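Undergrad: Provided herewith is a single structure, encoded as structure tokens, for subsequent inquiry.
Computed from the coordinates by the stated procedures, all read-outs in this text should not be read as laboratory data. This one's a predicted model, so the numbers in the text were calculated from it and none came from an experiment. Cβ placement follows ideal geometry from the backbone for every residue including glycine, while neighbour counts extend to all protein chains displayed.
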Amino acid sequence: MIALESLSRISVDDYLAFEQTSKIRHELVDGYLYAMTGASDRHEEIAANLLAILHGHLKGSGCRVYGSNLKIRVGDDFLYPDLFVRCAADRGDPFFKTDPTLVIEVLSPSTQSYDRGDKRLAYQSLVTLQEYVLIAQDSPSVEIHRRATDGWEHETYQGPGESLSFQSVALDIDLSEIYT
């Protein structure tokens with residue numbers, strides 16, 4: 001991510017107003033805007049596969065899956081995950097959510113250290129978050145960070161025959177379904 005150097009820090013209200021009229025998406029971190037870049041075709045295929053799988057699985061459950069155009073608010077920061085699931089009766093704010101259950105990021109070379117580091121820690125500060133998932137786009141590999149009684153557990157699934165579980169939404173899938 002590259003900060004827009006011509007802009008100084010902005011308030012949450014100014015960010016929300018700006019973002020509604022902007023032609024490109026921006027994350028807001030510590031008062032600074034960061035323009036969101038486009039994704040590769042492989043990135044989009046993986047995200048679309050997961051969106052379809054989760055959408056079908058969640059029908060009638062009270063949970064909803066959202067794609068990369070809806071942001072999550074963490075304190076005064078606003079982040080755009082690739083996918084997230086929210087399980088709440090009320091719809092909340094129409095332009096951002098504050099209570100994801102599951103957050104999924106498809107890793108890109110330019111953002112993977114951020115996704116594994118500061119962004120992961122920000123999401124994990126949300127009390128509703130049960131799982132944070134990182135998906136490689138160049139090989140079948142999925143990392144799941146799962147909330148446990150005494151912190152966070154980490155599991156890695158690799159290989160086309162591997163099966164994984166998103167426990168937060170009671171979904172078991174094969175990696176091959178993600179990478180089709």
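Undergrad: Out of the stretch 73-98, which residues are charged (D, E, K, R), more than 12 Å from the chain's Cα centre (by Cα) and more than 15 Å from Val12 (Cβ to Cβ)?
TA: Correct list: Asp90, Arg91.
Undergrad: Filter the stretch 89-108 down to residues that are in contact with an Asp or Glu (Cβ under 7 Å, 6 or more places away or on another chain) and under 16 Å from Ser61 (Cβ atoms), then give me how many there are.
TA: 1
Undergrad: Can I ask one more? How many residues does the stretch 84-111 hold that are within 26 Å of Asp138 (Cβ to Cβ) and among the hydrophobic types (A, V, I, L, M, F, W, C)?
TA: 7
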